[in-house]
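What follows is a structure written as structure tokens; I'll ask about it next.
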Amino acid sequence: MEAHEKNEAKPNDDAKEADAKEAKASAPARAKSTKVKNNVRKLRTERMMSKAELARRAGVSTLTIDRVERGMKARMDTKRKILEALGLKPTDRVMVFGDAEED
């Protein structure tokens with residue numbers, strides 16, 4: 001009987017594992033939909049500037065720079081600070097952050 005009880009528990013565990021795998025698979029898909037392509041990293045490296053230097057010049061944290069470079073959304077004020085720190089004008093926003101940005 002004990003072997004039979006172990007076999008019954010196994011399909012239930014398999015269902016839980018399948019649910020966990022499904023949840024993990026859908027999580028990255030949701031995260032990708034909020035990302036926005038931008039040229040901040042390209043412009044920063046062209047100027048031979050580190051993330052820390054850009055953050056210092058812009059008056060934001062290095063974590064903020066990292067998030068922006070990875071395509072996460074940013075406030076308009078943060079974008080303005082980054083543009084100024086890169087030596088660009090606010091009119092260059094479309095070139096740096098793309099024209100799909102609506103703030």
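What follows is calculated from the coordinates using simple rules that are stated; it is not laboratory data. None of these values were measured; they are calculated from a predicted model. FYI the Cβ positions are ideal-geometry reconstructions off the backbone, even for glycines, and counts take in every protein chain you see.
Pairs under 7 Å by beta carbon, first residue under 14 Å from Val36 (Cα atoms) in segment 72-85, partner among the aliphatic types (A, V, I, L, M), six or more apart or different chains?
From segment 72-85, the pairs are Lys73/Val36; Ala74/Val68.
Another question, if that's okay. May I ask you to say which residue of Asp92, Asp66 is on the phi < 0 side of the Ramachandran plot and within 19 Å of the chain's Cα centre (by Cα)?
Selected residue: Asp66, the only one of Asp92, Asp66 that is on the phi < 0 side of the Ramachandran plot and within 19 Å of the chain's Cα centre (by Cα).
Could you list, in sequence order, the residues of segment 74-83 that are part of a loop (DSSP other than H, G, I, E, B) and surrounded by fewer than 19 Cβ atoms within 10 Å (Cβ to Cβ)?
Within segment 74-83, Arg75 is the sole residue that qualifies.
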